[in-house]
Amino acid sequence: KKQLPPTTFFRSSNTTGEDDENKDEPMESILDQAIRSGKYSNDQLKWHYRSEDPSLIEFSNHHFYKDELIVLPVPYLRGTNPDKGVKFVKVDGDYNRNGKRKNSAEAKQVVDELVRILVNTKDTVGVIAFNNAQAGLIDTMVTKRLDEMKTEMSEEQHERIKARMNTSRDEKWVFIKSIETVQGDERDVILLSLTYMFDRQSGKLSTFGPLNKHGGEKRLNVAVTRAKKRLVVFSSMKSEDIRITNEESGVSYLKKFIKFAENFAEESHHTNKSHHASKCRLTEKIRGRLIAEGWRVDSLPETHLLISLAVASKAPSLGNQHLLGLVFTGGEKEARLTSARSREILTPALLEKRGWKLYNVHARNWCRDFNREYIKLNSELENLEKNLSMKPKEVIEIE
């Protein structure tokens, strides 16, 4: 229901002017008709599997799904993995509405990142622009760039990269599309070009095309949830540039999203900052004691599966991997898993497969003797940290 409804956007063959993007009219979807009929129940899917980092669904989960989606936590400190999560790139843009509707400065930076990914990684990539003209510009620029690079690399490497750009529709390694056409797509990395900005001549902000229309927030929701590993946001605007008159408009949600992306990296690297305060007094007491003794601690929100506290080593030089994930037995997170098999076998196995080492916190034991239980937990952490310090650093080679 929060995805794109049918629209009249593609009925017109004339896409030369920005006004064409504003002619889009929403239509009632089959889902809306089914709900309105009263013959079908309205059930929400709870599990979210696509995102390999919770930050990729965090904005939409909060603003569109009322924090009801359950996501898998990651075994490293929030925002510290450069290959996962959300990144914001502020661009000194040059958007021109006088018949062009393009932002060449943003397009150049998107192409730079796309080429870097193609040369250095095996990740699949999706490029999403906020209008057709920007998508076309990026497509043209990346083709030209790859042709220019032919003399800078071996013929084999160049052909391999070109092949990634030219795979069949169903197996396409890279796509470059406008925001209207990405529903159903997913890629390892999404490069999002917001395109619009202040018009330097008029001093006014761009009109944002179909994002202004009814349902514009659904377009944004689709665009920002296509990534499996990493979302890179290229923007010529800051959130403070956008003035809102309708809090439920697509542009209002765009302002909130830019603010989220702007703040994510800065907030992420504040070790022991509680992004999600727990309602449980025991959780907060354990967290406070761990921090007081030098451990780096993430408080995981209720949307994160099973684990409430995640603890990393005292020494940043040992990396940002979590040593332990603390599971509070009988707590609210366990209660969300209705079967014993899911709580005790399936979910722990899934988390361990993702790299977690779990530690069960039995509230009754901690309430009887907090110090005794804390000593046991601290001893386990110290042993894990010692083993980590003795482990040689892993070197990853990329073909």
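The values are calculated or read from the model by the stated rules, or taken from the named source; none is laboratory data. Please read these numbers as outputs of a predicted model, since none were measured by experiment. Every residue, glycine among them, receives a Cβ derived from its backbone with ideal geometry; neighbour counts consider all protein chains shown. Each accessible area value is taken on the protein alone, full model and side chains, heavy atoms only, with ligands, DNA and RNA left out. Shrake-Rupley method; radii C 1.70, N 1.55, O 1.52, S 1.80 Å.
As for the stretch 86-101, it holds no residue that is in a helix (DSSP H, G or I) and in contact (Cβ under 8 Å) with a residue 24 or more places away in the chain.
For the stretch 265-279, state whether one or more residues are more than 22 Å from S51 (Cβ to Cβ), assigned to a helix (DSSP H, G or I) and modelled with pLDDT under 90. The answer is no, given that none of the residues of the stretch 265-279 is more than 22 Å from S51 (Cβ to Cβ), assigned to a helix (DSSP H, G or I) and modelled with pLDDT under 90.
From the list L4, L45, L31, L56, the lone residue that is modelled with pLDDT under 85 and outside any loop (DSSP other than H, G, I, E, B) is L31.
Listed by first and then second residue, the pairs with beta-carbon distance under 7 Å, at least 6 apart or on different chains, first residue in the stretch 114-140 and assigned to a loop (DSSP other than H, G, I, E, B), second surrounded by fewer than 22 Cβ atoms within 10 Å (Cβ to Cβ) and charged (D, E, K, R), are D123/D188; D123/K229; T124/D188. Taking the stretch 226-262 as the range and being touching a Ser or Thr at 6+ places or on another chain (Cβ under 9 Å), open to solvent by 20 Å² or more (accessible area, probe 1.4 Å) and under 29 Å from I117 (Cα atoms) as the test, the residues that pass are K228, K229, K255, K256, K259, F260, E262. For the stretch 309-323, the criterion of being part of a helix (DSSP H, G or I), touching a residue at least 12 places away in the same chain (Cβ under 8 Å) and more than 21 Å from N61 (Cβ to Cβ) is met by at least one residue. As for the stretch 332-343, it holds no residue that is in contact with a strand residue (DSSP E or B) (Cβ under 6 Å, 6 or more places away or on another chain) and either among the hydrophobic types (A, V, I, L, M, F, W, C) or at pLDDT 90 or above (or both). Condition (residue is open to solvent by 10 Å² or more (accessible area, probe 1.4 Å) and in contact with a Cys (Cβ under 8 Å, 6 or more places away or on another chain)) applied to the stretch 285-307: is it met by at least one residue? For the stretch 285-307, residues open to solvent by 10 Å² or more (accessible area, probe 1.4 Å) and in contact with a Cys (Cβ under 8 Å, 6 or more places away or on another chain): absent. Specify the residue that is nearest to Y95 (Cα to Cα); the eligible residues are those in the stretch 142-168 that are part of a helix (DSSP H, G or I) and within 26 Å of the chain's Cα centre (by Cα). Restricting to residues being part of a helix (DSSP H, G or I) and within 26 Å of the chain's Cα centre (by Cα), the top hit is V142. A single member of R341, R372 is of a type in the set (D, E, K, R) and under 30 Å from S389 (Cα atoms), and it is R372.
Taken as a whole, the structure leaves K333 outside the set of residues that are in contact with a Lys or Arg (Cβ under 8 Å, 6 or more places away or on another chain) and either surrounded by fewer than 21 Cβ atoms within 10 Å (Cβ to Cβ) or part of a helix (DSSP H, G or I) (or both). Looking across R116, R78, one residue alone is touching a strand residue (DSSP E or B) at 6+ places or on another chain (Cβ under 8 Å) and open to solvent by 20 Å² or more (accessible area, probe 1.4 Å). It is R78. Reported count of residues in the stretch 317-363, each being touching a helix residue (DSSP H, G or I) at 6+ places or on another chain (Cβ under 8 Å) and hydroxyl-bearing (S, T, Y), is 2. Looking only at residues of the stretch 344-379 that are in contact (Cβ under 8 Å) with a residue 12 or more places away in the chain, within 20 Å of I70 (Cβ to Cβ) and not hydrophobic (A, V, I, L, M, F, W, C), we find that the one that is surrounded by the most Cβ atoms within 10 Å (Cβ to Cβ) is T347.
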